Amino acid sequence: MPFEYVPNYYDFPREFRGYGENPPDFKWPNNAKIIINFVLNYEEGAENSIENGDPASEMYIWEIPYVPHVGKRSYDCESDFEYGSRAGVWRILRLFKKHGYKFTTFAVGKAFELQPDVPAAIKREGHEIASHCYRWWDYSKLSPEEEKKIIIKNMESLKATTGEYPKGWYYARLSQHSRRLVYDVHQELGAPLLWMADAYADDLPYWMPVPRTTDAMLMVPYSYDCNDARFHQPTGWSSTDGFYKHIQYAFDTLYAEGCDGTPKMMTVALHARVVAKPGRFQALVKFMDYIKEKEGVWVATREEIAEHFNKANPWVPPATPLAYGPDKP
């Protein structure tokens with residue numbers, strides 16, 4: 001017999017239609033034909049390690065992936081992550097300052113605590129700081145109660161290192177409870193939640209109704225394909241040119257659609273210990289030079305995108321709450 005799944009309090013329904021055959025034009029500022037959002041994932045020191053109390057070393061997104069050391073420290077893995085905080089992040093900050101572009105930081109709270117010079121510099125340069133939760137973990141095995149405590153911990157951690165609560169969230173390895181827990185915590189703390197990014201379903205932001213309320217969360221989709229993490233995945237980039245050509249082609253496709261009257265959004269995802277390595281960095285340099293030559297390109301943070309979208313396409317509350325799953329347990 002097929003498995004019968006019963007929605008619970010934390011569930012959101014799937015939605016397949018989206019904007020349909022003719023996506024709207026949300027009139028990006030200055031009649032931009034495309035938005036580009038650069039994301040810097042800052043995770044250095046918050047990864048799995050014995051020193052952090054974890055059973056094994058990290059196995060994702062470093063130069064020799066998928067070989068965790070169980071029950072002991074991995075100095076090679078640790079030092080590869082340290083490259084991001086010691087050298088890579090500064091190389092990226094210099095490049096963005098040169099071009100006058102702002103990025104969105106997916107900040108892991110513990111990583112910011114370990115290297116406070118980084119959040120200070122990111123804030124000084126005017127870049128956005130959003131939450132990537134407190135540890136760079138897989139949250140799928142935690143109970144809702146355990147996960148909620150960690151969400152609150154990261155809210156307070158980022159407030160301590162940056163001066164304010166984060167207004168946007170991206171988990172990556174989220175649980176089935178994460179979306180609702182983030183929404184609930186922001187409600188309980190009275191902290192604005194402008195956007196979430198754990199979605200890959202569109203080339204435009206979209207509203208996601210929150211079950212059993214008349215409210216909605218703004219999803220600003222992220223990207224796994226235009227992402228330097230794929231340098232460390234078997235199906236990913238084998239060369240710097242491969243990464244550059246992929247993000248160039250993605251830009252060309254979306255830019256052409258924008259020129260035809262349906263402007264879209266593009267995410268370019270970065271890690272300081274990955275693309276900022278000297279042999280890969282030229283892909284980012286070349287891409288910035290490439291888009292600089294085009295007219296109608298808006299490089300924006302997710303906060304800027306969310307604020308514009310809220311004005312162009314504000315959420316209209318329905319007459320009755322979305323009925324899906326039971327009430328709060």
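Within region 1-23, residues that are in contact (Cβ under 8 Å) with a residue 24 or more places away in the chain reach partners that are outside any loop (DSSP other than H, G, I, E, B) and open to solvent by 50 Å² or more (accessible area, probe 1.4 Å) with beta carbons closer than 7 Å, at six or more positions or on different chains, in the pairs Phe12/Arg179. Using the structure shown, decide if Trp62 is in contact with a Cys (Cβ under 7 Å, 6 or more places away or on another chain) and hydrophobic (A, V, I, L, M, F, W, C). Taking the combined requirement at face value, the residue satisfies it.
Every condition in (1) surrounded by 19 or more Cβ atoms within 10 Å (Cβ to Cβ); (2) outside any helix (DSSP H, G or I) holds for Val118 except the one numbered (2).
Between Glu113, Glu147, the distinction of being surrounded by fewer than 19 Cβ atoms within 10 Å (Cβ to Cβ), at pLDDT 95 or above and of a type in the set (D, E, K, R) belongs to Glu113 only.
Of note, His69 satisfies the criterion of being open to solvent by 10 Å² or more (accessible area, probe 1.4 Å), in contact with a Cys (Cβ under 8 Å, 6 or more places away or on another chain), on the phi < 0 side of the Ramachandran plot and not acidic (Asp, Glu). One residue alone among Lys292, Lys264, Lys328 is modelled with pLDDT under 95 and of a type outside the set (S, T, N, Q), and that residue is Lys328.
Candidates are the residues of region 59-98 that are assigned to a loop (DSSP other than H, G, I, E, B) and touching a residue at least 60 places away in the same chain (Cβ under 8 Å); the one that is farthest from Val268 (Cα to Cα) is Pro65. Of the residues in region 26-35, at least one is closer than 20 Å to Cys226 by Cβ, in contact with a Leu (Cβ under 7 Å, 6 or more places away or on another chain) and outside any loop (DSSP other than H, G, I, E, B).
Looking at region 122-135, can you tell me whether even one residue there is open to solvent by 10 Å² or more (accessible area, probe 1.4 Å), more than 23 Å from Phe38 (Cβ to Cβ) and in contact (Cβ under 8 Å) with a residue 12 or more places away in the chain? Yes, there is a match, as at least one residue in region 122-135 is open to solvent by 10 Å² or more (accessible area, probe 1.4 Å), more than 23 Å from Phe38 (Cβ to Cβ) and in contact (Cβ under 8 Å) with a residue 12 or more places away in the chain.
Phe38 fulfils the conditions (1) within 21 Å of the chain's Cα centre (by Cα); (2) in a loop (DSSP other than H, G, I, E, B); (3) aromatic (Phe, Trp, Tyr) except for a single criterion, (2).
The values are calculated or read from the model by the stated rules, or taken from the named source; none is laboratory data. The shown structure was predicted, so the numbers you read here are calculated from the model rather than taken from an experiment. Reconstructed Cβ throughout: ideal geometry from the backbone, glycine too, with neighbour counts over all protein chains shown. Accessible surface areas use protein heavy atoms only, side chains included; no ligands, DNA or RNA. Shrake-Rupley method; radii C 1.70, N 1.55, O 1.52, S 1.80 Å.
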